1. Scan the range 178-220 for residues that are closer than 21 Å to residue 147 by Cβ, in a helix (DSSP H, G or I) and free of Cβ contacts under 8 Å to residues at least 40 places away in the same chain and jot them down.
2. Limited to the range 50-90, what total is found for residues that are within 23 Å of residue 40 (Cα to Cα), free of Cβ contacts under 8 Å to residues at least 24 places away in the same chain and not in a helix (DSSP H, G or I)?
3. Right, residue 85: of a type outside the set (Ser, Thr, Tyr) and under 17 Å from residue 202 (Cβ atoms) or not?
Amino acid sequence: MLNPITNGNGHSANGNEQHVNGNGFANGNGYAKEMVATKTAEKLAIESAVRTILDNVGEDSERDGLVGTPDRIARMYDEVLGGYHVDPVKLVNGALFDVDYSEMVLVRDIEYFSMCEHHMLPFYGRAHVAYLPTDQVIGLSKIPRLVEMFARRLQVQERMTHQIAEMLDDILAPRGVAVAVEGQHMCSMMRGVKKEHPVMFTSAFLGEFKEERELRKEFLSLVR
C-alpha cells in the first residue's frame with residue numbers, strides 16, 4: 001500500500017492528515033514557521049560549506065564572480081535534490097482509474113537528471129517504464145513524476161531503477177512491472193577513466209515480467 005512520507009523514525013502524519021517531510025516536520029500550517037527556520041538554517045549551512053570549498057581549492061569566495069555562488073548552489077540543491085521532500089501520496093493524487101485493459105502499458109523515453117552519490121556529479125538519460133494492469137491504470141503523467149521523484153536525490157542508477165519499479169508495484173499492484181534505465185555518468189566522463197560516451201543500462205523486473213522471458217524480450221525490443 002502506498003504510504004505518505006514519514007520521518008526518519010517511521011512516524012507518519014497525525015490525525016489532521018498532515019504529511020511529514022524528510023526533515024521530520026509536518027506540512028500543516030502550525031509548523032510553517034519551524035519549517036522556514038529549518039530551511040534557512042540548511043541553506044546557510046550549504047552556503048558556508050561552499051565557501052569553504054571555494055577557499056580551499058585556491059579561489060577567493062569573496063571575488064565578484066563568486067560572491068553569489070554559495071547562494072546559487074544552495075538554491076540549486078533545493079531544486080535538483082527536491083525528491084527527498086516529495087510525498088508519493090500527493091504525487092499520485094488519486095489518479096488511478098478502473099479500465100478493462102490487460103496488455104502492457106509502456107511509457108518510454110522519460111528524460112531524467114540525477115546526482116551520483118559517490119562524487120555528487122550529474123548522471124542523466126532516459127527511463128522506460130511498463131506494467132501489466134490488473135483492474136486499474138495510473139494517469140499518464142504520474143509515471144514520469146515517479147521517475148523524477150527518485151532521480152532528484154543522491155543516487156546510484158541501479159538503486160533508482162529498483163525504486164521506480166517497487167513504487168509502481170506498490171501503487172498499482174499490477175501483474176508485473178518492468179523498468180529499464182539508460183544513463184551517462186559525468187563521474188566517468190570528467191574523472192577516472194575519462195571516457196566520453198559510456199552508457200550504463202540497468203533493468204528491474206517484477207511479477208510476470210520476471211517470470212516470463214517472452215514478456216521481457218517484448219519490453220526490451222520496444223524500448224530499444
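The values are calculated or read from the model by the stated rules, or taken from the named source; none is laboratory data. All values derive from a computational prediction rather than experimental measurement. In this analysis, Cβ positions are derived from the backbone assuming ideal geometry, glycine residues included, and neighbour counts consider all displayed protein chains.
1. 210, 216
2. Residues flagged as within 23 Å of residue 40 (Cα to Cα), free of Cβ contacts under 8 Å to residues at least 24 places away in the same chain and not in a helix (DSSP H, G or I) within the range 50-90 amount to 5.
3. no
Yes or no, residue by residue, for (1) modelled with pLDDT under 95; (2) farther than 22 Å from residue 130 by Cα; (3) over 28 Å from the mean Cα position of the chain (by Cα):
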{"residue": "43", "(1), (2), (3)": "yes, yes, no"}
{"residue": "52", "(1), (2), (3)": "no, yes, yes"}
{"residue": "60", "(1), (2), (3)": "no, yes, yes"}
{"residue": "66", "(1), (2), (3)": "no, yes, yes"}
{"residue": "81", "(1), (2), (3)": "no, yes, no"}
{"residue": "88", "(1), (2), (3)": "yes, no, no"}
{"residue": "92", "(1), (2), (3)": "yes, no, no"}
{"residue": "107", "(1), (2), (3)": "no, no, no"}
